[in-house]
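*Asks:* Let me give you the structure first, and then I'll get to my questions.
Just so you know, all these numbers are worked out from the coordinates, no wet-lab data involved. Here the structure is a predicted model, which is why all the values come from computation and not from measurement. Cβ coordinates were reconstructed from backbone atoms using ideal geometry, including for glycine residues, and neighbour counts include every protein chain displayed.
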Amino acid sequence: MSRSAVSRGVVLVTGADLAPQAVLLLRGYELIYAGKTPGEDDLVRLCEEHQPVAIIVRYGRITKRIMDASRSLRVISKHGTGIDTIDVAAARDRGIAVKAAAGANAPAVAEHTWALIFACAKDVVRLDQRMRQGHWDKATHKSLELKDRTLGLVGLGAIGTRVAETALALGMQVMAYDPYASRVPSGIGMVDLDTLMAQSDVLSLHCPLTDENRHMINAQALARMKDGAILINTARGGLIDEEALAAALTSGKLRAAGLDCFEKEPLTAPHRFQDIGNVILSPHIGGVTSNAYVAMGTGAASNVLAVLETESTAG
C-alpha cells in the first residue's frame, strides 16, 4: 500500500509480522514493521521517519524517547497482556493511551503453566535424560502426586482462573492471593500472601510486574514456603530474585521450579540456572501458539482502532 493511498496514518509494529486477521482489521492504515529485535534507536528512527499514530508492541521497550519521536502518536497497544515494557507514566503524561489485549493468550499460558507443573512434579526432564543415558530408575524414583495437594495462585485473572479450574478437576485444594480480583470462582479460597506462601505445595505466579511487587519471591519469601514445594513462573521474570531462587533449588529447599520468564531476556549464557538440574526452563513461549498469535494480534489491532476511531468521531 503506498503512502499516498493511506489517509488514516501509520501503525508501527515492533516485530516482523502480524496475524493476517489483524492486518485486515487495520486496512486503511500503513503498517511499518520494525523487525524481530528492534532496539530503542531503531524505534526512534522509525518514529521520526514515519510519525505513527499507533504502536503495536510485540518486542522491545517503549520509552519516553520513542514516544517523543512521533508527534502523531495516540495509542500504544500491547500484542499480549503485560504492559511492563511500556513506560505507562510517560505515556499518561503525553496523553497517549496504553492498551493490552487482555485474556488473548490466557488459554495458551494456562496450558503451559500446567506443562511446567507436571514436568516438575513428575520429574519428566531428568527421567528422560536418565533413560537416554541407559538408566532405569523405577526402583528408586517417586514422583509427586498432585491430588489433595494445595495449589497457590498469585493473581486470579483470566490465566490464574483457568489454571485453578484444572487444579480443581485434579482434586487439588486451590487458594489465591489477589487484592484486585473482580470475581472468585467456586472452590477457590482467598488468603493473604503470607498464608499462600506457607501453605502452597505448588506456587504459581500470574500477576503483572510492578515497582511494588518486584522480587516478591525473595530469600525471605522462599524461606516461608514449604520444604519440597514447587515454584512456577509464567508471568514476569522480575517477580523473582533469581539468585535467591537458585540458592533454594540447590539447597533442596524447593523440589523444583518451572520458569518461562526471566529478569533479562533473552537469558544470557552462561547463567546459573543452566547448571541447576531441578529447574525447567522455556524461552518465554507460554503464550506462543497459533491461536494466541491471532487472538493477540486482533486484540491489539482492535484496541488501536477503538482509540483512533473514537478520537476521529469526537473530532
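*Asks:* Let me know the longest stretch in the chain that avoids all GluC sites (Glu not before Pro) found in a DSSP loop with at most 14 other C-beta atoms within 10 Å.
*Replies:* Of all site-free stretches, the longest is 1-144.
*Asks:* My understanding is that a pair violates if its Cα-Cα distance is over 22 Å; which of LYS122/LYS253; LYS138/LYS253; LYS78/LYS264; LYS122/LYS226 do that in this structure?
*Replies:* LYS138/LYS253
*Asks:* Right, something else. How high is the relative contact order of segment 106-281? Use alpha-carbon pairs under 8 Å, at least six apart in sequence, and give a whole percent.
*Replies:* Worked out over segment 106-281, it gives 21 percent.
*Asks:* Report, to the nearest 10°, how far helix 242-251 tilts away from the longest principal axis of the Cα atoms in the chain, using its own Cα long axis and a range of 0 to 90°.
*Replies:* 20 degrees
*Asks:* OK, next. Treating the angle as unsigned and between 0 and 90°, give the value, to the nearest 10°, between the Cα long axis of helix 158-169 and the longest Cα principal axis of the chain.
*Replies:* Helix 158-169 and the main axis of the chain meet at about 30 degrees.
*Asks:* Under the rule of -39500 (n - 2.57) per DSSP H run of 4 or more residues, summed and divided by the residues of the chain, what mean residue ellipticity at 222 nm is obtained, to the nearest 500 deg cm²/dmol?
*Replies:* Estimated from H runs of four or more residues: -11000 deg cm²/dmol.
*Asks:* Which order do PHE262, PHE118 fall in if you start with the one that has the fewest other Cβ atoms within 10 Å?
*Replies:* Placing the least packed residue first, the sequence is PHE118, PHE262.
*Asks:* For helix 290-314, what angle does its Cα long axis make with the longest principal axis of the chain, in degrees from 0 to 90 and rounded to 10?
*Replies:* Tilt of helix 290-314: around 40 degrees.
*Asks:* What number, in percent, do you get for the relative contact order of the chain if the mean sequence gap of Cα pairs under 8 Å and at least 6 apart is divided by its residue count?
*Replies:* Reported relative contact order: 18 percent.
*Asks:* Could you tell me the center-to-center distance, by alpha carbons, between segment 50-112 and segment 220-264 in angstrom?
*Replies:* 29 Å
*Asks:* Based on the alpha-carbon gyration tensor of segment 1-104 and its eigenvalue square roots a ≥ b ≥ c, which shape applies: rounded if a/c is under 1.5, prolate if not and a/b is larger than b/c, or oblate?
*Replies:* Verdict is rounded for segment 1-104.
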